[in-house]
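**Student:** I am attaching a structure below and will ask some questions about it afterwards.
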Amino acid sequence: MIVLHMDMNAFFASVEQRCNPALRGKPIAVIGSSKRTVVTTASYEARKFGVKTGMNKWEAKKKCPSLIFVIGDNRKYIDTSVRVLNILKDFSPKVEAYSIDEAFVDITGTDLLFGPPEEVARRIKERIREDTGLTCSIGIAPNKLLAKLASDMKKPDGLVIIREEDVSKLLNDLPVGELWGIGPRLTEHLSGLNVRTCGQLAAFPASVLRERFGIIGERLKLMGQGIYDSPIVPIGEEEAAKSVGHSTTLPKDIADKEVLKRYLLKLSEMVGARSRAHGLKGRKVSLTIRYGDFFTFTRQKGLEQPTNDTRVIYSLATDILGSIRLRSAVRLVGVTISDIAGGCRQLPLFEGERKRERLVNAVDLVNRHFGDFTLTWAALFEDDDPGPGVISPAWRPEGVKRVNVR
Amino acid sequence: MSTVLKEPIKVIAVFDNGVKPVKFKWKGRVYPVKEITYAWTSKEGDSRIMHFSVSDGAALYEITYDSSALKWSLEGVQA
Ligand SMILES: [Mg+2]
């Protein structure tokens, strides 16, 4: 297998620098709204000063006094992301949209059409640059893990190829934390076992890893050896959704439950509309809360009958909110339905339910024609529109995936 | 955009393998489009909205074209 991983460089910031020539070559940081204070993406010029994603405005400004803040516009990024994916699909039918600015492409056997892997990568970069003016880093390797590692090795505008025969030499002294999926906490746990490099991980007894980390233990050892067999899942062939959810970062941290409820209604409607569009119903509704200090937790409630009705989702989400004693102001809220029952065209038994289902269908139909939230629930109009915020890079442009807005 | 306007404007554009605004008239003044710095589309219901970030050499403007309603709008300006 030959896997190509493409990662757009400083994506949101680079798009803004294309839009506004006055921002090119300057340190800029994209933020979600004028009230939001967290950096979503920093340009390379800003990164040189130490400005990073997730930093708050003041911290960032301290690192880089000449930093320019730009309020992001999701529509630009979504459209650009879709255009880039379409370019990739010209090279292979197997394109997995991993996030808004990253994709995996299976280029096994494409050499007859496009030449060797480096030629494919060169052409992809050229097409993306022609169409959007943007650069990307590309990594090519025998599997997704190594392709991702390769694209991370040279930024911006990189092209790195890892060949089978170079793998063990490359990984031997590489810190485990550099591997995709091994985060700071896992790194810390491993270092407790005196495992710091991939070479050490590869040589570590599988039995100890299994005992310590459960089923992922063996997988970790294989990762240390650069072995990774997870396939590329082309757009449209993702597994049936196990949950449908939406979350949003609030324009500012909010402690007032009544205000939070308005966001819950909007999110419930987004979840309801999306699950109805895909004919999905869930038996569980969960509410995710993140405090200002990033502490995040989820509580859920079950239902007798699976639902995709906005009002039912909303009422469960508010029940959960009512049962929580908030210890501080909330930064993010999310609503998800899970325990999905497929094929839910079951006829409602009672006339009242049937009426509701017809109403809900009519609302969805109108919204599909005139834009989301054209027709919606009255409480949403009590105040000004909460606004979309800036989506996280984990957002995917297609399919019924769980959408997480960080 | 630092100033949000959303005002109707008159536009001269070339429709040939895509749309390219050439100049626009806003409040009685004509602004030449010297550069289209970025273009993207969005959807509002069934309507496809084309967005253009354009420069007249002095300032940056975002103008949109609603391809169903056939209407141009000046969304905002950045001095
Ligand atoms: Mg990126």
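Quick note: the coordinates plus some simple rules give every number you see, no bench work behind them. Worth saying up front: this structure is predicted, and the values here are computed from it rather than measured. Here the Cβ is made from the backbone with ideal geometry for all residues, glycine too, and neighbour counts use every protein chain on show.
**Student:** Mind giving me the nanometre distance, one decimal, between the label points for A:Ser230 and B:Glu7, set 7 Å out from Cα along Cα→Cβ?
**Tutor:** Each label point is offset 7 Å from its Cα along the Cβ direction, giving 5.2 nm.
**Student:** Once Lys and Arg get +1 and Asp and Glu get -1 on their Cβ, which of B:Gly45, B:Trp26, B:Ile63 lies farthest toward the positive end of the dipole of chain B?
**Tutor:** Of the options given, the answer is B:Trp26.
**Student:** Another question about this same structure. How about the stretch A:236-333: which chymotrypsin sites (Phe, Trp or Tyr not before Pro) there are in a DSSP loop, with at most 11 other Cβ atoms within 10 Å of their Cβ?
**Tutor:** Hits after loop and neighbour filter: A:Phe294, A:Phe295.
**Student:** Note down the net charge around A:Lys63, summing +1 for each Lys or Arg and -1 for each Asp or Glu among other residues with Cβ under 14 Å from its Cβ.
**Tutor:** With Lys, Arg at +1 and Asp, Glu at -1, the neighbours total +4.
**Student:** Within the stretch A:66-185, how many Lys pairs sit with Cα atoms under 15 Å apart, leaving out pairs fewer than 8 places apart on the same chain?
**Tutor:** So the count of such lysine pairs works out to 4.
**Student:** Please give the calculated 222 nm ellipticity per residue for the protein assembly as shown, where each DSSP H segment of at least 4 residues contributes -39500 (n - 2.57) and the sum is spread over every residue; nearest 500 deg cm²/dmol?
**Tutor:** -10000 deg cm²/dmol
**Student:** Kindly state, to the nearest 0.05, the FRET efficiency for A:Phe49 paired with A:Arg299, given R0 = 41 Å and r defined as their beta-carbon distance.
**Tutor:** Once the sixth-power term is evaluated, E becomes 0.55.
**Student:** What dipole magnitude, in Debye to the nearest 20, does the protein assembly as shown give about its Cα centre under +1 on Lys/Arg Cβ and -1 on Asp/Glu Cβ?
**Tutor:** My answer is approximately 1180 debye.
**Student:** Rank the residues A:His5, A:His246, A:His189 as a footprinting-exposure proxy: fewest other Cβ atoms within 10 Å of their Cβ go first.
**Tutor:** A:His189, A:His246, A:His5
**Student:** Further question on the same structure: In nm, give the distance between the simple-model label positions of B:Arg29 and A:Arg123, each being 7 Å from the Cα along the Cα-to-Cβ direction.
**Tutor:** Label-label distance for B:Arg29 and A:Arg123, simple model: 4.8 nm.
**Student:** Trypsin sites (Lys or Arg not before Pro), restricted to the stretch A:103-172: which are DSSP loop and have at most 12 other Cβ atoms within 10 Å?
**Tutor:** The qualifying sites are A:Arg163.
**Student:** Can you figure out the FRET efficiency of A:Arg196 with A:Asp256, using R₀ = 35 Å and their beta-carbon distance, to the nearest 0.05?
**Tutor:** Efficiency, rounded to the nearest 0.05: 0.15.
**Student:** Can I ask one more? Give me the count of lysine pairs in the stretch B:2-78 whose alpha carbons sit under 16 angstrom apart, restricted to pairs 8 or more positions apart or on different chains.
**Tutor:** Lysine pairs meeting the criterion: 15.
**Student:** OK, next. Please list, or write none, the lysines whose alpha carbon is within less than 17 Å of the alpha carbon of A:Lys257, excluding same-chain residues fewer than 8 places away.
**Tutor:** Here the lysines satisfying the reach criterion relative to A:Lys257 are A:Lys266.
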